[in-house]
Amino acid sequence: MASWVAAIAAVAMLVVVVGGAVITWLSKVSADLADHKTHVAETYATKNDVKELGDRVERNMDSGFDRIYNLLKGNNAA
């Protein structure tokens with residue numbers, strides 16, 4: 001009977017140690033993920049920023065092509 005109690009106690013201690021290690025690891029992963037999210041938010045452009053940049057490039061391309069067209073046509077549009 002005492003050997004069964006010792007075996008159950010040993011298994012319980014093993015579960016506690018492994019559970020503690022898993023909880024510690026998950027806590028570290030959670031902190032690393034939070035740091036990564038902060039880094040991404042500070043470093044990379046948002047979807048709206050990219051859209052505004054694309055719109056600006058498109059407007060500049062339109063006006064540039066219009067100027068080239070007018071120059072080729074002979075209307076000096078400086």
Among all the aspartates and glutamates, which ones have a C-alpha under 19 Å from Lys73's C-alpha, if same-chain residues fewer than 8 places away are not counted?
Asp62
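Measuring with a 1.4 Å probe in the full set of protein chains, what accessible area per residue, in whole Å², belongs to the chain? Please list the in-between numbers first.
On the way: 7120 Å² over 78 residues.
Accessible surface, normalised per residue, equals 91 Å².
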Mind checking the angle between helix 47-73 and the chain's longest principal axis? C-alpha axes, 0 to 90 degrees, to the nearest 10.
20 degrees
Expressed as an acute angle from 0 to 90° and rounded to the nearest 10, what is the orientation of the C-alpha long axis of helix 2-43 relative to the principal long axis of the chain?
10 degrees
Accessible surface of the chain, 1.4 Å probe, proportion on carbon and sulfur as whole %:
67 percent
Quickly work out the Asn70-to-Leu53 label distance, labels modelled 7 Å from Cα along the C-beta direction, and quote it in nm with one decimal.
2.9 nm
Using R₀ = 35 Å, calculate the FRET efficiency as 1/(1 + (r/R₀)^6) where r is the Cβ-Cβ separation of Ser27 and Ala2; round to 0.05.
0.40
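The values are calculated or read from the model by the stated rules, or taken from the named source; none is laboratory data. Small disclaimer: the values here were computed from a predicted structure and weren't measured. Neighbour counts are summed over all protein chains in view; Cβ atoms, including those assigned to glycine, are modelled from backbone coordinates with ideal geometry. In case anyone asks, the SASA skips ligands and DNA or RNA and just uses the protein heavy atoms, side chains included. Shrake-Rupley method; radii C 1.70, N 1.55, O 1.52, S 1.80 Å.
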